[in-house]
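The values are calculated or read from the model by the stated rules, or taken from the named source; none is laboratory data. Computed from a predicted structure; not experimentally measured. All Cβ positions, glycine included, derive from the backbone under ideal geometry; neighbour counts span all protein chains shown.
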Amino acid sequence: MFVSNPPKDLLRRDVDAPIIKKKFENNYENVTYFGMPGPEMLDVKEWLDYLGFVIAVDNDLSALGVMNMTAASLKILDRVQFLRGDVESILVNWQDEDDEAPLRDSFDVVNLDFVGGIMGFGEDADHDKRVNAIRELLRHQRNETTSFIMFLTIGFREKHMDEYDRKLRHIGHELDKLGLDATPTIEWYFSHPPRHKLKVYVPYIVDEIGRANRFRLDMYKCFYYKGTNDIPMMHFVFDMEYSVENVSPERLGLRALLDCPLFIAHQDHVKACPNHPPPILGASP
Ligand SMILES: C[S@@+](CC[C@H](N)C(=O)[O-])C[C@H]1O[C@@H](n2cnc3c(N)ncnc32)[C@H](O)[C@@H]1O
């Protein structure tokens, strides 16, 4: 059963809560949460003032049992729907293992709070099922023209680092075509821990999937922290804004992607990672 720790508590309280508060200012009763709150519903508890309806997913029956008691103690049973099953298949099939569909057509706050990585788990054939689930989520959000905040928390393994490397090389080539020399920056990423590559890779694909569905990535932030048992984790915040005017919204600048700071969440404070890639040389395109 999931156990939280101080950096995770800090992110939930000091980073995520103010973002939700600001985004939905004064309209909280219409805010729908969809995610994995875990047995103690610590995120829902922390953000409760800013949430109207909660769709709580878990693939662990005992976690759902405890969650039910937690919701009762929070006196929110009348505004919670529990869904049983893998969040990935619920997003793809739009129903859970009991054939229940989400009671809302789209969501305002999505918390994909995984324990494992975004890729590189399970069989090779479905190693990208989490990316695919995000694609389906975006498709639903587009159909309802609903802007939303997506929190994504993942562990990471080395297994699919070659895909992250290929993406970095591709970004380097794209910048090269624009007359910018990104080689020292790309090399820096190759010689630093995987968390830095994830910091580029994950926003890159979320931006791509988002734009294909008319979403502009208005703001994003990347955090590294050590989860329970010192497991390295990444926490991302994505502010996805549905674009009324543009079928294909502006993409994230590649230079900005490489330059984006990585923050580290410690026990009681967050600070920018002191290791930063060298700036990209050349004039702005
Ligand atoms: C990290 S915990 C949730 C923590 C919570 N959001 C918080 O802020 O403290 C993740 C929960 O989701 C469940 N879970 C993990 N992977 C899942 C998946 N793929 N589909 C559905 N539930 C999953 C776990 O059983 C666990 O209860």
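Quick look at the values:
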| quantity | calculated |
| --- | --- |
| Residues of the range 140-178 satisfying the condition of being at pLDDT 95 or above, in a loop (DSSP other than H, G, I, E, B) and more than 17 Å from the chain's Cα centre (by Cα) | Glu144, Thr145 |
| Pair list, Cβ < 6 Å and 6+ apart or interchain, from the range 1-24 residues that are in contact (Cβ under 8 Å) with a residue 40 or more places away in the chain to residues that are near the ligand (Cβ under 10 Å from one of its atoms) and part of a loop (DSSP other than H, G, I, E, B) | Met1/Pro39; Phe2/Gly38 |
| Among the candidates Pro203, Pro232, Pro194, Pro279, residue that is farther than 30 Å from Asp9 by Cα and in contact (Cβ under 8 Å) with a residue 24 or more places away in the chain | Pro279 |
| Residue check, Pro39 assigned to a loop (DSSP other than H, G, I, E, B), away from the ligand (no atom under 13 Å from the Cβ) and surrounded by 18 or more Cβ atoms within 10 Å (Cβ to Cβ) | no |
| Failed criterion for Leu10 (all others in (1) hydrophobic (A, V, I, L, M, F, W, C); (2) surrounded by fewer than 20 Cβ atoms within 10 Å (Cβ to Cβ); (3) near the ligand (Cβ under 9 Å from one of its atoms) hold) | (3) |
| Any hit, the range 64-80, residues being at negative phi, within 11 Å of the ligand (Cβ to nearest atom) and outside any helix (DSSP H, G or I) | no |
| Residue in the range 112-122 that is at pLDDT 95 or above and within 16 Å of the ligand (Cβ to nearest atom) present | yes |
| Residue match in the range 62-74 (condition: more than 17 Å from Ile209 (Cβ to Cβ), of a type in the set (Ser, Thr, Tyr) and touching a residue at least 12 places away in the same chain (Cβ under 8 Å)) | yes |
| Residue ID - farthest from Pro277 (Cα to Cα), chosen from residues in the range 226-259 that are among the charged types (D, E, K, R) and part of a helix (DSSP H, G or I) | Asp230 |
| Criterion: part of a loop (DSSP other than H, G, I, E, B), at pLDDT 95 or above and aliphatic (A, V, I, L, M) - qualifying residue of Leu103, Leu83 | Leu103 |
| Qualifying residue in the range 203-214 (condition: more than 22 Å from Asp43 (Cα to Cα), crowded, with 17+ Cβ neighbours inside 10 Å, at pLDDT 95 or above and of a type in the set (Lys, Arg)) | yes |
| Residues being more than 24 Å from Met69 (Cα to Cα) and either part of a loop (DSSP other than H, G, I, E, B) or touching a helix residue (DSSP H, G or I) at 6+ places or on another chain (Cβ under 8 Å) (or both) - total across the range 1-27 | 7 |
